[in-house]
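See structure below.
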Amino acid sequence: MIKRIHHIGIAVRNLKESAAVYEKMLGVRAHYAEAPCQKVSEAVFKLGDEAEIDLLEPTGPDSAVTKFLEKRGEGLHHIALEVDDTDKELKAMQKKGFRLIDEAGREGVAGKIGFLHPKSAGGVLIELVQPRQGEKKP
Ligand code: CMX
């Protein structure tokens with residue numbers, strides 16, 4: 001089951017500079033995190049109790065976000081949807097005709113994650129996130 005928007009990921013070239021812009025816009029302080037499994041550094045803005053905006057700066061040339069920035073420039077990188085069971089939802093999405101990037105969920109910073117290909121999702125990369133047990137949302 002899809003529960004809510006967990007976070008929106010935005011690709012940026014300079015995390016500190018973009019975080020300053022978003023701090024001014026949102027009136028919320030960023031907290032900073034490393035996501036080595038995705039090869040990005042993040043500035044995370046919690047919006048109320050429900051969702052986050054995550055700014056993503058790649059940490060190396062082999063990051064998916066590096067390729068994105070080169071090809072498409074800064075902007076919306078992905079939308080993450082919270083689910084209760086990533087593996088189950090990936091299978092269900094495949095049955096519904098969506099192209100999977102991940103055949104099964106894998107461990108990410110936010111929990112168990114899996115991606116749908118943007119070419120089958122209206123040009124938007126979709127991440128499914130099953131938060132770890134007992135972890136406070138988002
Ligand atoms: N949103 C929308 N479209 C995207 C995209 C994105 N984030 N990334 C790539 N595309 C587009 C490309 O522009 C390309 O379009 P065209 O064929 O029209 O030019 C198409 O998708 C396919 O691109 P590709 O060159 O074949 O594939 P890539 O090697 O660029 O890989 C993707 C694309 C989505 C499969 C890959 O980036 C991926 O596996 N992403 C999942 C993991 C990830 O993005 N991690 C980053 C951090 C996530 C986090 O912190 O949570």
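The values are calculated or read from the model by the stated rules, or taken from the named source; none is laboratory data. Quick caveat: nothing in here was measured; it's all calculated off a predicted structure. Virtual Cβ from ideal backbone geometry, glycine too; neighbours counted across all protein chains shown. These area figures cover heavy atoms from the full protein model, side chains too; ligands, DNA and RNA do not enter into them. Shrake-Rupley method; radii C 1.70, N 1.55, O 1.52, S 1.80 Å.
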Calculated [θ] (222 nm, deg cm²/dmol) that DSSP helices of n ≥ 4 give over the chain, each run adding -39,500 (n - 2.57): -6500 deg cm²/dmol
Leaving out ligands, DNA and RNA but keeping every protein chain, what accessible area does R4 have, in Å² rounded to the nearest 10, with a 1.4 Å probe? 30 Å²
Can you give me the C-alpha center-to-center distance between segment 1-17 and segment 62-111, rounded to a whole angstrom? 12 Å
Sorting check: for 27-36, 80-89, which peptide has the highest mean count of neighbouring beta carbons within 10 Å, and how do the rest follow? 80-89, 27-36
Fraction of alpha-carbon pairs in the chain farther than 22 Å apart, rounded to whole percent, equals 36 percent
antiparallel share of DSSP beta bridges within the chain, to nearest 5, in %, is 75 percent
Dipole magnitude (debye, nearest 20) for the chain, charges at Cβ of Lys, Arg, Asp, Glu: 340 debye
Report, to the nearest whole %, how much of the accessible area of the chain belongs to carbon and sulfur atoms, 1.4 Å probe, protein only. 54 percent
